[in-house]
Amino acid sequence: MKGLSRLRLRTAAAAALARPPNCALTAVSVWVGALASGHPHATAGVAAAAAAAAAVAAAGNGLNDVLDLPADRVNRPDRPLPSGRLSPAAALVLSTGLGAAGLGTAFVVGLAPGAIAFAVAAGLALYNWWWKRLGLAGNLLVSLLAAATFPYGAVAAGGGGRWWVPAAFALVYHLGREILKGAEDVEGDRVHGARTLASLRGERAAERAAAALLAVTALAAPLPALLGIYGWGYLAPVVLLDVLLARTCRDLWRGSPSAGRQSRRLLPGMVLGLAAVVLGELVDRGG
């Protein structure tokens with residue numbers, strides 16, 4: 001019984017290392033990119049591409065936790081590695097296996113999806129090993145990698161289409177969120193030597209920079225409907241998204257006590273953004 005209990009604990013720790021909600025969002029984003037391509041999207045190839053992207057994302061998350069262990073002992077002591085529920089060696093083996101499986105699957109789907117997946121995996125490795133310590137440059141790199149899920153999905157489905165709409169919003173949204181995460185993790189980042197905006201200019205400056213980027217996202221979000229790219233059905237989730245962003249921007253700009261851990265509150269905003277594009281494509285796609 002003790003052996004079975006340990007196995008369950010390690011399995012739970014391994015799952016937590018991968019960050020399932022983030023991996024699920026990655027997979028859904030790939031499908032949204034495929035949907036936006038205008039080609040058939042409910043195919044085995046798209047499903048395999050989505051699974052491959054989720055595996056590569058999980059590998060990047062695991063490598064991040066291995067390399068960020070000193071900082072996570074300060075910022076995230078409940079995570080699997082700093083809490084001792086999983087060893088760094090086991091996490092590295094798991095991440096390597098997931099990365100190899102994800103890349104192999106992406107190349108089975110096609111040469112172009114495989115090349116994009118390889119570029120993303122290389123970017124994640126570069127970010128985790130060194131680039132994240134460069135502050136804004138690291139924030140921009142990881143935001144570009146997040147936005148790449150949409151052209152990757154479009155290519156897996158056949159290429160073309162309107163993938164650039166969700167990709168553009170994802171780039172700005174993730175950039176704001178990454179800057180905000182730097183403000184939340186400033187203490188551990190200083191231990192790790194990361195030159196984030198928060199560690200260089202202070203948490204208030206980082207929170208206001210994040211608020212500005214999120215405000216740009218909120219103001220631009222209705223444009224695809226107003227410009228006729230999508231119909232008015234696209235706007236229903238966008239209204240909810242803008243309410244969420246308005247509240248978040250207000251709290252960040254004022255330095256509200258509730259501003260801490262705002263990056264978690266932005267996760268539902270990603271879901272709303274994806275839902276808006278899905279409705280735009282499936283319900284009332286414009287000219």
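The values are calculated or read from the model by the stated rules, or taken from the named source; none is laboratory data. These numbers were taken from a predicted model, which means no experiment stands behind them. Virtual Cβ from ideal backbone geometry, glycine too; neighbours counted across all protein chains shown. In case anyone asks, the SASA skips ligands and DNA or RNA and just uses the protein heavy atoms, side chains included. Shrake-Rupley method; radii C 1.70, N 1.55, O 1.52, S 1.80 Å.
Mind listing P(r) for the chain? All alpha-carbon pairs, 10 Å bins, whole percents.
Values per bin, smallest distances first: 7, 27, 33, 24, 8, 1, 0.
Ignoring everything except DSSP H segments at least 4 long, calculate the 222 nm mean residue ellipticity for the chain; use -39,500 (n - 2.57) per segment, divide by total residues, nearest 500.
Rounded to the nearest 500, the figure is -25000 deg cm²/dmol.
What is the percent carbon and sulfur in the accessible area of the range 40-135, measuring with a 1.4 Å probe over the protein chains and ignoring ligands?
75 percent
Over the range 1-115, how many percent of alpha carbon pairs lie in each 5 Å bin up to the one with the longest distance?
2, 13, 18, 19, 15, 12, 9, 7, 3, 1, 0
Quickly work out the ASP78-to-TRP164 label distance, labels modelled 7 Å from Cα along the C-beta direction, and quote it in nm with one decimal.
That separation, rounded to one decimal, is 4.3 nm.
Please state the charge dipole magnitude for the chain, taken about the Cα centre, from unit charges on C-beta atoms (+1 on K and R, -1 on D and E), reported in debye and rounded to the nearest 20.
700 debye
What list of whole percents do you get for P(r) of the range 14-70, with Cα-Cα distances grouped in 5 Å bins up to the one holding the largest distance?
Histogramming the range 14-70 at 5 Å steps yields 4, 21, 24, 18, 13, 9, 6, 3, 1, 0 percent.
What is the spin-label model distance, in nm, from ALA12 to LEU111 if the labels are put 7 Å beyond Cα along the C-beta direction?
4.8 nm
For the range 94-169, just run the numbers: alpha carbon Rg, then divide by 2.2 N^0.38 Å, N being how many residues it has.
1.16
To the nearest 0.05, how large is the calculated FRET efficiency for ARG254 and ALA119 if R₀ is 41 Å and r is the Cβ-Cβ distance?
Efficiency, from the Cβ-Cβ distance: 0.55.
Modelling each spin label as a point 7 Å along the Cα-to-Cβ direction, I'd like the LEU126/VAL93 distance in nm, to one decimal.
Those two pseudo-labels are separated by 3.1 nm.
Search the structure for amide H atoms under 5 Å from the amide H of TYR230, placed 1.01 Å from N in the peptide plane, and list their residues when 5 or more places away or on another chain.
It is ALA225, GLY286, by chain and number.
State the extension gain, in nm to one decimal, for the chain segment bounded by ARG264 and ALA24, taking 0.36 nm per residue of separation less the distance between their alpha-carbons.
Here the segment from ARG264 to ALA24 would lengthen by 84.9 nm.
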